[in-house]
Amino acid sequence: MNAHFPDDTAPAVDVIIPALDEASTLDACLDAVLDQDYDGSIGVTVAVGPGRDATWEIAEARAAVDPRVVVVANPTGRTPVGLNLATAKGSATIVARVDAQSILPPRYLRRAVETLRRTGAANVGGVQRPVGDDGLQRVIAVGMCSPFGAGPARFRRDGYEGPTDTVYLGVFRRDALEEVGGFDETLDRNQDYELNWRLRDAGHQVWLDPALVVTYRPRATFRRLASQYYQYGAWKRHVLTRNPRSLQPRQTVAPLLVIGLVISAVELVRGRLRGLMLPTAYTGAALVVARDARPDLPRKSDLYLLMAVFATMHVAWGVGFLVGRVNRGS
């Protein structure tokens, strides 16, 4: 018998959702959470930041008609602050972190709790499945699904089940989450990875269950994609300066690529053709991968857009890691 689950009763679950300018996705997110096929009770707390759209009004309207929904103000607008505020509002045995841009499958909570019970893990999560509308968002979603584009992190791939370094979202045992102090409120990005590092460092297990596939809406423009990955890189370096042992080899690839491209540019300025070697190799690799993804791209020009998506993700992440500044007051 699992000591954390002494009987077969479905434990209560608190779903925590940070939301800032999510008016276009929040309703669909809440529908998916509230329609879960789960035998235990579900409470939902939406921590709404001071945004510029109707997110607060949408959340309040849902709370007015469904007592399971509670809205709390997150004056900072920062994700980890909102997650901690939402967590503190509830008292359920299980805490499920959900993003306002994500859509849970109908049996997500049932499966996650079963996996927590089966494995004894402190946190169970699954696979992020980016899905975009027609146009650039769809191409970006294809790029994020590719190990070449977004890297070999296990939560971006189907198949593997077992202990891992981090997962998408996360369904936590409250006791373990509180033991390590919750989400680090000084981190605007990388707070999930850093929390999972602290859980593992405290002797807990983080478990990837590939049956937990969650739909995610990615950014829809090159500018927003570049900003997102630049911030990812900058905050990753910030986390690594505090927890150097959390470094994974995959996290060095984009910074090394940027350094290599800078050296290549210097070589070309000096008239040395060997400066073409890395850019040519990278472009060739991106082209091969983009061609393999061709069945998922409706237009012929999307192949070249996908190559540009790869380059945007890699260069922005690498530059952010190498020279990006983090604004801890944002």
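May I ask for the Kirkwood hydrodynamic radius of the chain, worked out over all distinct Cα pairs and given in angstroms to one decimal?
After inverting the pairwise mean of 1/r, the radius is 20.9 Å.
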All-pairs Cα distance distribution in the range 261-317, expressed in whole percent, bin size 10 Å | 23, 41, 27, 9, 0
Along the Cα-to-Cβ line of A54, 7 Å from the Cα, sits a label point; which residues in the range 10-35 have backbone N less than 17 Å from it?
-> 20-31
How many percent of the alpha carbon pairs in the range 33-108 exceed a separation of 22 Å?
-> 20
Computed label-point distance, nm, for sites R118 and V288 using a 7 Å Cα→Cβ extension = 3.6
In 10 Å bins starting at 0, how do the alpha-carbon pair distances of the range 3-154 split up by percent?
-> 11, 36, 35, 17, 2
If unit charges are put on Cβ atoms (+1 for Lys and Arg, -1 for Asp and Glu) and the dipole of the range 241-323 is taken about its Cα centre, the option from Y282, A316, P249 lying farthest towards the positive end turns out to be P249
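Which whole-number percent gives the relative contact order of the chain, counting Cα pairs below 8 Å spaced six or more residues apart? Don't jump to the answer; show the numbers that get you there.
Values: 615 pairs, mean separation 60.0, N = 330.
Relative contact order, the chain: 18 percent.
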Choice from Q248, Q205, Q231 with maximal GNM fluctuation in the chain (Cα, 10 Å cutoff) | Q248
Rounded to 0.05, the calculated FRET efficiency for the beta carbons of V65 and Q205 at R₀ = 35 Å is 0.35
Surrounding charge for V13, neighbours by C-beta under 15 angstrom, Lys/Arg +1, Asp/Glu -1, total +3
In whole angstrom, how far apart do the alpha carbon centroids of the range 229-248 and the range 1-56 sit?
-> 28
Using only Cα atoms, locate the centre of the range 293-316 and the centre of the range 187-215, then give the distance between them in Å, rounded to an integer.
-> 29
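Hey, what's the per residue convex hull volume over the C-alpha atoms of the range 67-226, in cubic angstrom? Before the final figure, lay out the partial values.
Numbers: hull volume 21.3 nm³, N = 160.
Spelled out: Cα convex hull of the range 67-226, divided by residues, is 133 Å³.
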Project the alpha carbons of the range 218-330 onto their principal axes and report the range along each, largest first, in whole Å.
-> 43, 39, 25
Cα-based Rg (one decimal) and Dmax (whole number) for the range 230-275, in Å?
-> 14.3, 42
Environment charge at P105 (Cβ cut-off 11 Å; Lys +1, Arg +1, Asp -1, Glu -1) | +2
Would you mind calculating the gained length between R107 and D8 on full extension (0.36 nm times residue separation, minus the Cα-Cα distance), in nm to one decimal?
-> 33.9 nm
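Mind checking the dipole of the chain: about its Cα centre, +1 per Lys or Arg Cβ, -1 per Asp or Glu Cβ, Debye to the nearest 20? List each step's numbers first, then the result.
Working: 39 positive and 35 negative charges, 342 e Å.
Around 1640 debye, computed over the chain.
Each reported figure results from applying straightforward, stated rules to the coordinates on display, with no laboratory input. All figures in this text were calculated on a predicted structure; none of them were measured in a lab. Don't worry about glycine lacking a Cβ; one is built from the backbone with ideal geometry, like all the others, and counts go over all protein chains shown.
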